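**Q** There's a structure below that I have some questions on.
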């Protein structure tokens, strides 16, 4: 929730996880990585300083203050979450949809730095738009406007070769990944 207040979404937290030094990453458990990412996010977002975080951790470890109770959330965090939830609901995109149901599209070949929501196995592959699903902010690193999203159907053989079963895979994908 604090990452929402700092203006970072789930996808942007992945970028923080990827920035964890390799030795620390490998020595950390799954949720420790997310906690480190969340901490970096709120520090980068200006909600707290690194000194604030370190001081609080020392005070909790020393028994000087109680650790936060599970489920205890400050009212200002509730307010920030409530005002932000709208970004997770489909809204009209800032530009009209370039594609319609039935259009053939190709996923762009790209090698971006950091995490992206475009799976590598569909890059360069053609598919067919099944539906236009509305506007969402792309959670890749960077500032992205509300962008059209589509459900695109890919033939399994186009993805994994002639030995693949007949059938298809449907993937929700942002317009910026398509050509």
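**Q** Could you check segment 45-62 and list, in sequence order, the residues that are modelled with pLDDT under 85 and either within 28 Å of residue 116 (Cβ to Cβ) or surrounded by fewer than 11 Cβ atoms within 10 Å (Cβ to Cβ) (or both)?
**A** The answer is 45, 46, 47, 61.
**Q** Also: Only one of 100, 109 is at pLDDT 95 or above, under 22 Å from the mean Cα position of the chain (by Cα), in a loop (DSSP other than H, G, I, E, B) and loosely packed, with under 14 Cβ neighbours inside 10 Å. Can you tell me which? Let's see the steps before the verdict.
**A** Values: 100 fails: under 22 Å from the mean Cα position of the chain (by Cα).
After applying the criteria, what remains is 109.
**Q** Looking at this structure, is residue 114 more than 22 Å from residue 13 (Cβ to Cβ), modelled with pLDDT under 95 and touching a helix residue (DSSP H, G or I) at 6+ places or on another chain (Cβ under 6 Å)?
**A** Values: more than 22 Å from residue 13 (Cβ to Cβ): no; modelled with pLDDT under 95: yes; touching a helix residue (DSSP H, G or I) at 6+ places or on another chain (Cβ under 6 Å): yes.
Criteria not met by residue 114.
**Q** Which fully enclosed helices (runs of 4 or more DSSP H) of segment 15-66 have 1 or more residues being in contact (Cβ under 8 Å) with a residue 40 or more places away in the chain?
**A** Correct list: 30-44.
**Q** Given the criterion touching a helix residue (DSSP H, G or I) at 6+ places or on another chain (Cβ under 8 Å), over 30 Å from residue 19 (Cβ atoms) and at pLDDT 85 or above, identify the matching residue among 155, 164.
**A** 164
**Q** Please go through segment 117-158 and give me each residue that is free of Cβ contacts under 8 Å to residues at least 40 places away in the same chain and either within 21 Å of residue 100 (Cβ to Cβ) or surrounded by 16 or more Cβ atoms within 10 Å (Cβ to Cβ) (or both), ordered by number.
**A** Selection gives 125, 126, 128, 129, 131, 132, 151, 153, 154, 155, 158.
**Q** Conditions: (1) modelled with pLDDT of 80 or more; (2) under 29 Å from residue 143 (Cβ atoms); (3) loosely packed, with under 14 Cβ neighbours inside 10 Å. Residue 16 meets all but one. Number of the miss?
**A** Unmet for residue 16, out of (1) modelled with pLDDT of 80 or more; (2) under 29 Å from residue 143 (Cβ atoms); (3) loosely packed, with under 14 Cβ neighbours inside 10 Å: (3).
**Q** Of the numbered conditions (1) in contact with a helix residue (DSSP H, G or I) (Cβ under 9 Å, 6 or more places away or on another chain); (2) in a strand (DSSP E or B); (3) surrounded by fewer than 16 Cβ atoms within 10 Å (Cβ to Cβ), residue 169 satisfies every one except a single condition; which is it?
**A** Of everything listed in (1) in contact with a helix residue (DSSP H, G or I) (Cβ under 9 Å, 6 or more places away or on another chain); (2) in a strand (DSSP E or B); (3) surrounded by fewer than 16 Cβ atoms within 10 Å (Cβ to Cβ), residue 169 misses just condition (3).
The values are calculated or read from the model by the stated rules, or taken from the named source; none is laboratory data. Just so we're clear, the structure is a prediction, and the values are computed from it rather than from any experiment. Ideal geometry is used to build each Cβ from the backbone, glycine not excepted, and the neighbour counts take in all protein chains shown.
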